[in-house]
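The values are calculated or read from the model by the stated rules, or taken from the named source; none is laboratory data. Keep in mind that this is a model prediction, so the values were computed, not measured. When we count neighbours, we look across all protein chains shown, and the Cβ atoms used for this are built from the backbone with ideal geometry, even at glycine. Remember, those area values only see protein heavy atoms, side chains included, never the ligands or the DNA or RNA. Shrake-Rupley method; radii C 1.70, N 1.55, O 1.52, S 1.80 Å.
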Amino acid sequence: MRPRRFLPSAPLKGRIRVPGDKSISHRSIMLGALAVGETRVTGLLEGEDVLSTAAAMRAMGAQVERLGEGSWSVHGVGVGALLQPQAALDMGNSGTSTRLLMGLVASHPITASFIGDASLSKRPMGRVIEPLSRMGAQFTASPGDRLPLMLRGAQPAVPIEYRLPVASAQVKSAVLLAGLNTPGVTTVIEPIPTRDHSERMLRGFGAQLDVEIEVDGTRVIRIRGEAELRPQVIDVPGDPSSAAFFIVAALVVPGSELLIENVGLNPTRAGLVEVLQQMGGDITLRNAREVGGEPVADLLVKHSALRGIAVDPAIAPSMIDEFPALFVAAALAEGTTVTTGLDELRVKESDRLAVMAAALSAAGARVSEQEDGLTIEGTGGEPLPGTAGAIATHLDHRIAMSMAVAGLASRAGVEVDDTRPIATSFPVFEAMLDGLAG
Ligand code: S3P
């Protein structure tokens with residue numbers, strides 16, 4: 001454990017550049033490992049989760065090398081040519097690595113064991129086991145369809161048409177990636193849109209993938225196997241989920257004015273900015289452009305008097321990882337913020353509804369927990385009292401970073417029991433914060 005007390009902060013001023021997007025970084029390595037030839041990646045997030053993906057792709061035959069900071073080279077083996085790994089694939093804390101790689105392995109003639117840390121070993125894998133079994137893969141999982149598990153891929157796999165029962169980009173991606181090495185057309189039907197990086201990137205790598213949008217907004221995604229992928233040059237945009245902590249910090253710490261550069265604003269990821277603007281947050285987009293086929297802008301964020309709102313549950317998938325940060329903003333807003341439709345937060349790196357309710361309450365916020373959301377009475381801009389002891393982060397990086405931000409806008413500071421999980425997604429978070437607040 002590495003505890004730390006995050007203390008009340010001076011105004012946050014200046015400019016920062018957030019590290020590369022985690023979702024896109026994972027996919028860059030995976031798809032690069034399946035293309036024949038060299039894929040070059042810049043701006044790759046060098047967090048532990050992405051390094052777990054890199055190690056797994058190496059274990060299955062790809063050459064994955066770091067050339068310099070954020071600059072990587074991947075020599076792929078070709079779709080269908082992944083090798084049998086010689087040892088268990090250690091996924092660490094990373095649900096994305098686990099579920100997407102299960103998809104890849106499912107249509108290769110190899111057997112792989114997946115293991116992970118205590119947090120990952122509690123997370124449900126049935127949601128990917130179910131469709132991948134229909135494609136012919138075989139699983140031996142721990143009770144409750146959890147890790148550790150063993151997966152025997154099918155050869156050949158059978159194409160399926162699969163309607164997603166949960167709004168999950170990981171499940172969608174697992175089936176699409178399995179479809180890469182499956183003869184014929186694999187179809188995923190997505191009633192509620194989730195992040196579309198897999199679709200964009202698979203197309204970019206040359207897969208035959210098309211998306212049809214029905215009148216009610218349902219997306220029908222079809223991929224044709226057996227695909228041949230062409231190596232790419234990828235510049236990974238900054239991660240909006242990492243920017244989130246600094247956006248909220250600048251909004252809640254009086255006197256702040258912060259420019260956050262290079263923030264990915266794919267519409268399937270940009271919900272937090274919209275919700276904070278509805279709450280009265282002063283966030284301006286500058287220099288809107290495209291990086292790596294994704295919309296990107298610099299965000300100028302100024303301290304603002306926030307107002308509580310009822311958050312439309314329809315926006316949840318586009319900010320699914322940002323709720324812990326939003327709850328901190330709500331705790332410092334004027335009036336009541338009500339969130340609903342957030343059942344999925346209970347199966348992230350921790351149960352983010354229960355853990356944030358407990359952590360914010362310990363810091364003196366007024367929070368009540370419902371089955372599918374939190375209701376938060378804000379302080380109206382007054383600092384939170386702060387914590388006496390340490391709040392429990394349960395191996396969840398986003399709980400640690402959110403409560404660090406709460407500490408900046410508190411009287412006594414907020415102590416976080418363990419900052420080590422931050423390195424899974426944002427290794428330079430503390431250095432960046434100390435650079436601004438110091
Ligand atoms: C991700 C999808 C989301 C998100 C996770 C990354 C991805 O998970 O929470 O951090 O890269 O596909 P779900 O698919 O479980 O919603």
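Fully extending the segment from residue 138 to residue 66 would add 22.5 nm, taking 0.36 nm per residue of separation and subtracting the current Cα-Cα distance. Per-residue extension of 0.36 nm, minus the Cα-Cα distance of residue 210 and residue 73, leaves a gain of 46.5 nm for this segment. Counting 0.36 nm for each residue step from residue 7 to residue 284 and taking away their Cα separation leaves a gain of 97.0 nm. Sorting 293-304, 208-219, 316-327 by their mean Cβ neighbour count within 10 Å, with the most densely packed peptide first, gives 316-327, 293-304, 208-219. Be a star and scan the stretch 79-119 for residues whose amide nitrogen sits under 14 Å from the point 7 Å along the Cα-to-Cβ vector of residue 36. Label zone hits: 79-82. The Rg/Rh ratio of the chain, with both radii computed over alpha carbons and Rh defined as the Kirkwood radius, is 0.97. Beta bridges assigned by DSSP with both partners in the chain are antiparallel in approximately 75 percent of cases. Between residue 370 and residue 111, the simple label model (points 7 Å from Cα in the Cβ direction) yields a spacing of 4.9 nm.
Protein heavy-atom accessible surface, 1.4 Å probe, per residue over the stretch 22-235: 37 Å².
Ranked by the mean number of other Cβ atoms within 10 Å per residue, highest first, peptides 83-90, 401-408 order as 401-408, 83-90.
Expressed as a whole percent, the accessible surface of the stretch 22-235 that belongs to carbon and sulfur atoms is 50, based on a 1.4 Å probe. Quick one: if the Förster radius is 30 Å, what FRET efficiency do residue 300 and residue 192 give, using the C-beta to C-beta distance and rounding to 0.05? The formula returns an efficiency of 0.45 here.
Can you pull the percent of the stretch 265-379's accessible area that's carbon plus sulfur, 1.4 Å probe, other chains left in place? Here it works out to 50 percent.
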